[in-house]
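Here the structure comes first, spelled out in structure tokens, and everything after it is commentary.
The values are calculated or read from the model by the stated rules, or taken from the named source; none is laboratory data. Since the model is a prediction, treat every value here as computed from it, not as a measurement. When we count neighbours, we look across all protein chains shown, and the Cβ atoms used for this are built from the backbone with ideal geometry, even at glycine.
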Amino acid sequence: MAGTATLQAAPGGLSNIIRRSGSSTLGATGGLTQVKSAAAFTAPAFRTRNVAERRGTAVEHFAEVERTSARDATHECFYPGAGDHVRPGMTQQMGGRTFTHHWRVSAQMSALIRQGEEEHLADAARAFALTYQVVAEAINALAGRRFGPASTPAAAEGLAQAELARRLPAALGVDPVRWVSVLDRLLLQTKSRDQQGWHGIAAGPPATEGTKIVHSLMSVPGTRIGQVPSSQVVNY
């Protein structure tokens, strides 16, 4: 996976997740994965070296493909640990006593939220694998090969590029600008998990325990954590 899910311990863990999300309330998922854009990745590059050979009075040109590399990005990912997490700003006076509201996260719910956030990391890893990794592997499969002869360096490079196009999925093509746009589009597809409620978490009804008012987190009917693999979410 393109990152590691980091535990945010009680009592301030959920408050920290909310702060990082830029929101002011508990989100619908209980966790947070901040998937970066394509700009955070190291993109592969298609480069060739021109080799010229004289044949009598003519000069023949060959394009020799150079190796490249691509690097995945690391995405920040957070989930709440088990325990009672303070709800920021949620205190009230009753009968001369101060009551503080908390979200209660069971060990099972903590593990479920973590699994949901790790699905986002897996989606991001698949987006990279279907784009920059595929391109880099295709280029390196041609590394060291000469394409030609051709009458000009540009024509020789065109032969190499045509072979690369034959090896790459049509959705990618050979335009580096397109590689970037396809990666960005695939990275955004992970949002569908939250938009469709597959990571749905809700706070249950309050229960008073001493001076604590506790809201236990629970899954909702549409929650499908662990049921939808990345192969069904991230695709061209």
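For the reader, a short list of remarks on this structure follows.
- The one condition in (1) buried (at least 18 other Cβ atoms within 10 Å of the Cβ); (2) closer than 25 Å to residue 203 by Cβ; (3) at pLDDT below 95; (4) in contact with a Ser or Thr (Cβ under 9 Å, 6 or more places away or on another chain) that residue 33 fails to fulfil: (3)
- Matching residues in the range 181-199 - criterion: being in a helix (DSSP H, G or I) and not aliphatic (A, V, I, L, M): 181, 184, 185, 191, 192, 193, 194, 195
- Residue in the range 47-60 that is in a strand (DSSP E or B), touching a Gly at 6+ places or on another chain (Cβ under 7 Å) and more than 30 Å from residue 201 (Cβ to Cβ) present: yes
- Residue within the range 217-225 that is within 24 Å of the chain's Cα centre (by Cα), in a strand (DSSP E or B) and either within 30 Å of residue 29 (Cα to Cα) or charged (D, E, K, R) (or both) present: yes
- Candidate set: the range 1-30, residues that are surrounded by fewer than 19 Cβ atoms within 10 Å (Cβ to Cβ) and assigned to a strand (DSSP E or B); chosen: the one farthest from the chain's Cα centre (by Cα): 7
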